[in-house]
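Below is one structure; the comments refer to it alone.
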Amino acid sequence: MPQILKPTCLALVLCFIFSACSGGEDADIKSERQVFAMDTLMQLSAYGAKAEKALDLAEDELLRLEALFDPELETSEVYRLNNGETVYISSEISKVLELCYSVYSTSGGMLNPLLYPIIKAWGFIDYEYSVPSDDDIAALLDNVTFSSVDITNDALTLPSGVQLTFGAVAKGYASQSVIDIFAKNGVTSAIVSLGGNVQSLGLKPDGSNWNVAVIDPEATNTSLGTLSIGETAVVTSGGYQRYFEDSGEIYHHIIDPRTGYPSDSGLLSATIVCVDGALADALSTAMFVLGETGTLAYYNEFGGFEYILVTQDGRVLISKGLTDSFTPSEGKSYEYVNLS
Ligand code: AMP
Ligand code: MG
């Protein structure tokens with residue numbers, strides 16, 4: 001039996017740092033909520049008189065989205081699609097499919113929601129971890145061609161053997177939805193942390209930036225630095241977030257669609273800063289698989305986001321739009337590189 005390593009980063013799941021708010025004005029009053037959904041402890045904080053009601057709505061929304069995207073829940077659209085039904089897909093599933101298809105196309109297939117059977121074979125769905133045989137992986141890789149799925153058809157039927165998971169984008173979609181709910185309900189200042197997904201609305205009530213810690217993938221209860229951000233999402237994908245050990249080898253949960261094995265792109269983590277939470281999440285997974293050179297090429301060609309990559313050889317690469325907003329932690333042995 002493989003040994004299951006529990007990630008030690010739970011403390012830093014709450015990876016945003018607030019300064020205490022002062023003053024007795026309504027706008028400064030902080031309301032907080034913890035929600036457990038999508039296998040993740042989620043921390044929501046909103047400010048002002050309208051925050052409590054907005055948090056109630058946000059909590060309902062997170063539970064609704066958990067059910068919508070859960071590939072193991074028999075009533076979910078994803079489950080029904082995966083089990084051969086023709087489903088009149090909701091506009092939300094259609095929107096997420098389009099996002100995935102867009103990043104799939106632009107990243108050379110590195111983000112691929114059709115990897116579900118492979119992810120399941122590794123045990124990353126039900127925590128029954130095991131290393132699949134090369135033959136099993138090769139057979140499963142036959143069914144991951146996204147062009148085989150007609151995402152423009154409202155009545156969608158997946159080809160036989162093709163199954164979906166939105167695990168790489170669901171939390172980012174959820175953080176974006178929660179921020180939208182806050183904004184619609186009169187909240188102007190809020191921040192949420194859904195596992196490795198942080199997203200803010202507005203600025204802190206005192207008008208200053210939010211400070212978001214970026215986890216050190218080599219010491220996951222510490223940060224490698226802090227980002228000072230306005231209204232945006234900060235999403236990290238990393239091998240340290242979920243993995244197991246078998247016969248002395250570590251296998252993590254981000255799969256390279258070319259091989260069916262955990263990605264070995266030379267990165268320990270990829271952090272994306274981008275105003276849209278769902279896109280940030282899609283990109284974090286894709287850039288993790290693309291690696292250092294692929295990420296730089298993608299950034300130069302498409303733009304619309306900034307990034308911090310941590311490489312296996314001890315470098316922290318900071319894209320040019322973040323060099324003024326990122327402060328490295330003291331006492332780390334990384335080489336911090338500001339890209340130009
Ligand atoms: P994230 O933490 O956002 O990078 O998403 C990782 C999760 O997405 C994994 O736990 C898998 O469920 C799924 N996944 C793994 N590799 C890929 C991939 N290359 N493309 C799409 N989804 C993936
Ligand atoms: Mg992702």
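The values are calculated or read from the model by the stated rules, or taken from the named source; none is laboratory data. Everything quoted here is computed from the prediction, not taken from an experiment. As a convention, Cβ positions derive from the backbone with ideal geometry for all residues, glycine included, and neighbour counts pool all protein chains shown. Remember, those area values only see protein heavy atoms, side chains included, never the ligands or the DNA or RNA. Shrake-Rupley method; radii C 1.70, N 1.55, O 1.52, S 1.80 Å.
In summary, Lys120 fulfils each of the numbered conditions (1) part of a loop (DSSP other than H, G, I, E, B); (2) open to solvent by 50 Å² or more (accessible area, probe 1.4 Å) with the single exception of condition (1). In segment 268-289, the residue that is most open to solvent (accessible area, probe 1.4 Å) out of those that are closer than 22 Å to Tyr334 by Cα and out of contact with any helix residue (DSSP H, G or I) (no Cβ under 6 Å at 6 or more places or on another chain) is Leu268.
Scan segment 135-150 and tell me whether some residue there is open to solvent by 60 Å² or more (accessible area, probe 1.4 Å), assigned to a loop (DSSP other than H, G, I, E, B) and out of contact with any Cys (no Cβ under 8 Å at 6 or more places or on another chain). Taking every residue of segment 135-150 in turn, at least one turns out to be open to solvent by 60 Å² or more (accessible area, probe 1.4 Å), assigned to a loop (DSSP other than H, G, I, E, B) and out of contact with any Cys (no Cβ under 8 Å at 6 or more places or on another chain).
Filtered by the rule that a residue be in contact (Cβ under 8 Å) with a residue 40 or more places away in the chain and closer than 24 Å to Val87 by Cα, segment 55-65 gives Glu61, Leu62, Leu65. Taken together, the residues in segment 305-319 that are touching a Lys or Arg at 6+ places or on another chain (Cβ under 9 Å) and either closer than 12 Å to Pro217 by Cα or basic (Lys, Arg) (or both) amount to 2. When Ser237, Ser228, Ser265 are checked against the criterion of being of a type in the set (Ser, Thr, Tyr) and farther than 11 Å from Val289 by Cα, a single residue qualifies: Ser228. Check off (1) surrounded by fewer than 19 Cβ atoms within 10 Å (Cβ to Cβ); (2) within 16 Å of Ser263 (Cβ to Cβ) for Asn112 and give me the number that stays unchecked. Answer for Asn112: the failing condition is (1).
Within segment 70-93, if we keep just the residues that are open to solvent by less than 10 Å² (accessible area, probe 1.4 Å) and touching a residue at least 12 places away in the same chain (Cβ under 8 Å), the residue that is farthest from Ala278 (Cα to Cα) turns out to be Val87.
Condition check: touching a residue at least 60 places away in the same chain (Cβ under 8 Å) and within 14 Å of ligand 2 (Cβ to nearest atom). Does Leu267 satisfy that? Taking the combined requirement at face value, the residue does not satisfy it. Looking only at residues in segment 144-184 that are over 24 Å from the mean Cα position of the chain (by Cα) and without any contact (Cβ under 8 Å) to a residue 40 or more places away in the chain, the one that is nearest to ligand 1 (Cβ to nearest atom) is Ser148. Where residues in segment 241-267 are of a type in the set (Ser, Thr, Tyr) and under 16 Å from Gly108 (Cα atoms), which of them is most open to solvent (accessible area, probe 1.4 Å)? Ranking the qualifying residues of segment 241-267, first place goes to Thr259. Within the option set Glu218, Glu231, being under 30 Å from Tyr47 (Cα atoms), open to solvent by 40 Å² or more (accessible area, probe 1.4 Å) and away from ligand 2 (no atom under 15 Å from the Cβ) holds for one residue only, Glu231.
Counting only strands (runs of 3 or more DSSP E) that fall entirely inside segment 161-267 and contain at least 1 residues that are closer than 23 Å to Pro328 by Cβ, the qualifying elements are 190-194, 197-201, 210-216, 219-229, 233-238.
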